[in-house]
Amino acid sequence: MALELQSFWDVVVLLGLALAIAPWFGAYLGRVYMDRPLPGDAVLTRIESGIYRILGTSPRRSMPAREYMLALLLVNGGMLLFLFFFFFDQANLPLNPTLVPNMSWDLAFHSAASFTTNTDFTHFTNESQISFGSIVLAWQLALFLSAATGLAVMAAMIRGFVRKDGTIGNFYVDIVRTIVRVLLPISVVGALVFVLLGVPETWTATVVAHPLTGGTQTIYLGPVASYNAITLLGTNGGGWYSANMASPLANPSAVSDLFAIFIMLLIPFAAPFAFAQIIRRRGEAWPFVGTVLIVLVIAFGLFVAFQAVNNPALASVSGLGPQTNGYPVGQETRFSLPEASLFQVVSVYGNVGANNMAIGSISPVSQMVLLFGMFTQSTPGGEGTGFAMLLMFAVLAIFVGGLMVGRTPEYLGKKIETAHIKWAALALLIHPATILLPFVVAVAGGYVQIDGATLPATAHNFTSVLYEFTSESANNGSALSTSAFNDTTPFFNVTGALVMLIGRFVPIWAMLKVGDLFSKQEALPPSTGTLRTASGTFTIYLTLFLIITSALLFLPVLAMGPLAQIVGGA
């Protein structure tokens, strides 16, 4: 019991440390995206200038939203094709010491779409279905590009609030500066810390161990520490091992687990302060920080509370027995309940998608908590796009609030008009559409099967299929590891790939359009009718608006899945 209480203090200290660093790091991010003077400019500016010459662009050239989106699609489309052909022909490409065969076309398409969209949802077994070369030469390249794309979109949308020339920045410049000044240096430091904590970092693909019980065992290695750093920092989440961060090689101790949580929180907590730095209004960061913290703390509390008691859905399973000592079924015993729970909540709510427990066997309420985090996509959400989605919620909340009091809705001196609401609504509604439509097709069409037979209609199986499409649509990547159905079929590979691509790029286009619309307006001076957004009242309003809106969109499916499990235990 004392150990569990100590672990709660670890959680408090960790969150406090992340929050203490966030204002400084957010200010740094803001200066990066506004091209303001920074330490290291003497060296980094030369490196960036050389890359700009190769790309044929310049920081002095700013793009309207349409051109920005075309550049984004060109770069990400190129990455999609590169990954597809690499996976499809990996058996004939370099660095394949274990002779892994080629992926089928549909699996290669799903994997390429997954890594391009910052999702990293895998339908393969890492140790046997993807080559060493595919991971280090293709997959890791996508980890940087997908994360940089999300941050670039956030920066472009925010610029719309401070510009009036109809442009939102240069995509190529944003990508280069994000990788050179943010992702790469932090990943290097993060990799060094992981190495010091016992995570492997080697170009040796495998070693053969000789257990005391006799025989041999092949242990898969590689540059795991550097992979961990960028996959957690960039909210990618796909693990080097199939067990993800539950593997003792990838996450050997409670200290490495806490450091992983810190890495996941670093940029999402800093994003509101980057926003405040760009618009030059420090107080505007706190309502977003408050909203994220309120939702995260509530989610963590619910997750821990329901993980600490017996799971009613597993009560009838032979051999499990009562859950004791704070270690529910599916949790690694080297982590305490608070440590494991915080990791899982932060991972899913931050759209990282890394797992340190078997979430298919956790409490139905805990599964519902994780699903809700993917429904909001903004508390804190994925790299860059999570905060941009939170801004979308803010725009909608201010518009509704303005209508309720009979005032013209405006934010930061710029009017919120019908066009803004249409694009914000599109970003919000495309998420349930890309979850529920393929879900209905999969179930009604008989594609949800196990061993060739249609899956029995139980609440847990309903949740399994729902979680699959929710994770893909939210570009999250986490999965119910004990999922009862076969999702490696051509239907789930192709459908899942399309869900991830639509769930990624349609909201991005909507975010850029909202920024574009604001960038064409002159800022108005505040008046007596202006809503004070830098206030505790707005924080509470935004939080309730986000929670209620997300609940209204998804409550019916929760009632048929996790809530039905609680009642029926099946």
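If only the Cβ of Lys and Arg carry +1 and only the Cβ of Asp and Glu carry -1, the dipole of the range 437-567 around its Cα centre is close to 400 debye.
The alpha carbon centroids of the range 191-229 and the range 379-418 are separated by 47 Å.
The percentage of C-alpha pairs in the range 69-127 whose separation is greater than 17 Å is 41%.
The simple Förster model, with R0 at 25 Å and r as the Cβ-Cβ distance, assigns L81 and N486 a FRET efficiency of 0.35. Computed from point charges on the beta carbon alone (+1 for Lys and Arg, -1 for Asp and Glu), the dipole magnitude for the chain about its Cα centre is near 1980 Debye.
Among L436, L265, a tally of other beta-carbon atoms within 10 Å of each Cβ gives an order, fewest to most, of L436, L265. At a Förster radius of 35 Å, what calculated FRET efficiency corresponds to the Cβ-Cβ distance of R36 and S242, to the nearest 0.05? Efficiency, from the Cβ-Cβ distance: 0.20. Counting other Cβ atoms within 10 Å as a rough exposure proxy, the listed residues E522, E383, E67 run E522, E67, E383 from fewest neighbours to most. Normalised by 2.2 N^0.38 Å, where N is the number of residues, the C-alpha radius of gyration of the range 508-566 stands at 1.74. In units of the compact-protein estimate 2.2 N^0.38 Å, the range 370-435 shows a Cα radius of gyration of 1.19.
Here the residues W105, W139, ranked from fewest to most Cβ neighbours within 10 Å of their Cβ, fall in the order W105, W139. Each principal axis of the range 412-462 carries a Cα extent, and these read 59, 19, 13 Å when sorted largest first. Taking the inverse of the mean 1/r over every pair of distinct Cα atoms in the range 39-184 gives a Kirkwood hydrodynamic radius of 16.7 Å. Hey, what D do you get for the chain in µm²/s if you plug the Kirkwood alpha-carbon radius into Stokes-Einstein at 37 °C and 0.692 mPa s? Result for D is 136 µm²/s.
The ratio of the alpha-carbon radius of gyration of the range 144-189 to the globular-protein estimate 2.2 N^0.38 Å is 1.23.
Dividing the mean sequence gap of close Cα pairs (under 8 Å, 6+ apart) by how many residues the chain holds gives a relative contact order of 20 percent.
A Stokes-Einstein calculation at 10 °C with viscosity 1.306 mPa s, built on the Kirkwood radius of the range 137-278 over Cα pairs, returns a diffusion coefficient of 94 µm²/s. Charge tally for F491 (other residues, Cβ to Cβ under 15 Å; Lys, Arg +1; Asp, Glu -1): -4. One chain, two ends: T125 and R60. Fully extended at 0.36 nm per residue, the span grows by 18.8 nm beyond their Cα-Cα distance. Net charge in the neighbourhood of P64 (other residues with Cβ under 12 Å of its Cβ; Lys, Arg +1, Asp, Glu -1) is +3.
Every number here is computed from the coordinates shown, using simple stated rules; none is lab data. Computed from a prediction, not measured in an experiment: that's the story for all the values here. Reconstructed Cβ throughout: ideal geometry from the backbone, glycine too, with neighbour counts over all protein chains shown.
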